[in-house]
Amino acid sequence: MTTTRQTADEVRRHQRRAYFFVCGVIVVIGLVAAFVLERVTASYWLADQRKSHQLTADGIQSRAEARLQAYQSMAQNLAIFMGYERGPQGAQFSSLAGVLSRDNPSIINIALAEDFIITRVYPLGPNRAALGLDLRTRPSQIADIRKMIAADMPIVSGPVDLVQGGSGLIVRAAGAGRTPNVYALVLDLDAFFAEVGFDLTQTSFSAALREISARESVTKTLLGNPDIWSGDPVVANIRINDERVVQVGLVPVNSWSVQSPYRLGILIVISTLVLIGFGGANYARHLIQERANARRQLVAAIESIEDGFVVYDSDDRLLLCNEKYRSYYRESADLFVPGATFESIIRRGVARGQYVEAAGREEEWIQERLADHADPKGAVEQQLPNGKWLRIAESKTADGYTVGLRIDVSELKSALHKAEEAAVAKTDFLNNVSHELRTPLSIVLGYVAFLKNVTILPRFKDLSDAVGDTQPAREKLDAFAAEIAKQAERTDRSGRHLMGLINSILDWATISVGQVELEYTDVDLGAMLKNLTEELSVSAKEKGLNLISMPTDCVIQADELRMRQIFINLIANAIKFTEKGHVRVEAVDQGETVLIVVEDTGPGIPQDRLSAIFERFGQADGSTKRKYGGAGLGLAICKSLVEHHGGVITVESVFGEGSKFLVILPKEAAPAQVQVPPAQRDAA
């Protein structure tokens, strides 16, 4: 009940976290949406501003070009009319020029050039400086004049610096003759562009004019603020002639607005949608809570399907199959399309090598498989090219459909094969060990029992009587007897432990099938490791090794005999395989677990053999002529015993430098095991 309640609480906590996560996502989406909408509307607003100003600029362009065209017509008509006059033209010229100037305030003056020299100008007073000007001294203007005469069409020159001062445009037209008279309308630049709507005094936009010359490849601001050109203005090009263009540039007075005018509305809409999203998320959370049990059951049922599934219709055409089925038949996966017949699939699969058992007897195998498929009588096994084995179970429905399952039995096949091999090896091994080890070890333990009580031996009594009470001989003899007893005690303890290991080997069959019974008591792991290193220190010293013990005070619940069995095996192995250097045993308290490290400076283990050393009869040197001998069961037993205690054993090794075995054990007994009180175990 407690576990169920904890699980339900965890589910509710998970749902709350999911709800807050969804709310956070809604907020983020709302912020992103608000930002995107603001940017989009700002973009449209900017486009509207530019469109409005572009219309203004285009209007100035169209009016300017229309007025220039009108002035060209005026100049042309003046030249034609004056061509019909005979005799002195002064009075007539002044009269016509006065009419044209009066109705067109942009005209500064109207001039007549005869043989390219200005001879008449109206009005004369402010323009007297222009009389006598030889246009041939103005290269840029004489070029336009000659082009005009050649084309017999009016032409506009400028903007130019005027003799009278300031800048202007000159509209010229030529009369008839080889050296025709040239009539010119001189327009004030400021007045002309004010006439067409280019007003620098208005407050809705800032404007500027600049000259673009294709021939000279230069630009020059004529009117307005030159800083406008760096403000990304809208522009319109007014063509003066084939080589000169005057460009109009407009920007808003306060530059372009990059903020949306609908920001407040967007904020209100997005906030409303976010609140609606919160309500929807909350409603969805309640629905999820109500349907949680049903959903978990459904998900569990779906997830439990791990086999390939296929259905063929009554015409033996593929109706559907799942991805697991396709994954089994990788070589034929592209053939599993709805409508494909079973026969066509297996025939093409045989051609691709999909079916191992068909090799060499393709047509015979196809006919057998078709017969089994048409009339299923039981499960059959099938081997795949990748070595896997499938169990095929098919059945017919009442409508003639064929439903099939493909079950991966590779592990079962492998396990059966390994079990057969292991059973033979185990039987042979145990038969030999039970006799070759037990008998001599029992004899050794019998002799050691006498050494533990050396004072009762007749020879020792004779020696004791001979020494008598003479000092210090008596003290040395007693010390000698005590040392013999002490060493015999250690030998007896190790011998009996060795007998326990032999018994463990004989119990391997029980361990391998998971029927190990552990007797849990409180084990002082630090003291046990210290005793073990003392017992094995003699072996280490004989090889010139430094056996380092770094235990920690730590009590765990474990089977003490099995603990001794595990660590004697690991430490003895380290000593056995190390020729020089050291063996280090360290225990580290990690709170709920204890880490025990057995490190050596031996030959190390090749990377490709790291996993094999924990297998039965596996060693780092797998050849038949192993240098160090051994049955190859020690590490397999260690691994099994550690795992039965709920722990983990791993190995790290660098070939040629040494190995490090790491054992992690829980301090508390595994729940499935029964802890035996110390008194009861001692009684046993």
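Restricting attention to segment 209-219, does a residue exist that is of a type in the set (A, V, I, L, M, F, W, C), farther than 23 Å from GLN49 by Cβ and modelled with pLDDT of 85 or more?
no
In segment 160-171, what count of residues is obtained for those that are surrounded by fewer than 21 Cβ atoms within 10 Å (Cβ to Cβ) and modelled with pLDDT of 80 or more?
4
For (1) open to solvent by 40 Å² or more (accessible area, probe 1.4 Å); (2) at pLDDT 70 or above; (3) small (Gly, Ala, Ser), each residue gets a yes or a no:
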{"site": "ARG406", "(1), (2), (3)": "no, yes, no"}
{"site": "ASN431", "(1), (2), (3)": "yes, no, no"}
{"site": "LEU441", "(1), (2), (3)": "no, yes, no"}
{"site": "GLY446", "(1), (2), (3)": "no, yes, yes"}
{"site": "LEU451", "(1), (2), (3)": "yes, yes, no"}
{"site": "PRO472", "(1), (2), (3)": "yes, yes, no"}
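For ALA191, state whether it is among the hydrophobic types (A, V, I, L, M, F, W, C) and in contact with a helix residue (DSSP H, G or I) (Cβ under 7 Å, 6 or more places away or on another chain).
Considered against the rule, which asks whether it is among the hydrophobic types (A, V, I, L, M, F, W, C) and in contact with a helix residue (DSSP H, G or I) (Cβ under 7 Å, 6 or more places away or on another chain), ALA191 comes out as no.
Yes/no per residue for (1) more than 13 Å from TYR183 (Cβ to Cβ); (2) of a type in the set (A, V, I, L, M); (3) open to solvent by 60 Å² or more (accessible area, probe 1.4 Å):
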site: PHE93; (1), (2), (3): no, no, no
site: ILE108; (1), (2), (3): yes, yes, no
site: VAL121; (1), (2), (3): no, yes, no
site: ASN127; (1), (2), (3): yes, no, no
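Condition first: closer than 16 Å to THR578 by Cβ and of a type outside the set (Ser, Thr, Tyr). Now tell me which residues in segment 636-668 satisfy that.
VAL651, GLU652, VAL654, PHE655, GLY656, GLU657, GLY658, LYS660, PHE661
For the list (1) touching a helix residue (DSSP H, G or I) at 6+ places or on another chain (Cβ under 9 Å); (2) modelled with pLDDT of 90 or more, I need the number of the one condition that SER395 fails.
Here SER395 clears every test but (1).
Can you tell me how many residues in segment 247-270 are buried (at least 19 other Cβ atoms within 10 Å of the Cβ) and modelled with pLDDT of 85 or more?
Number of matching residues: 5.
Collect the residues in segment 499-519 that are modelled with pLDDT of 75 or more and not charged (D, E, K, R), keeping them in residue-number order.
Passing the criteria: only LEU518.
The values are calculated or read from the model by the stated rules, or taken from the named source; none is laboratory data. Quick caveat: nothing in here was measured; it's all calculated off a predicted structure. So basically every Cβ, Gly included, is an ideal-geometry build from the backbone, and we count neighbours across all protein chains shown. To get the accessible areas, we keep the full protein, side chains included, count just its heavy atoms, and leave off ligands, DNA and RNA. Shrake-Rupley method; radii C 1.70, N 1.55, O 1.52, S 1.80 Å.
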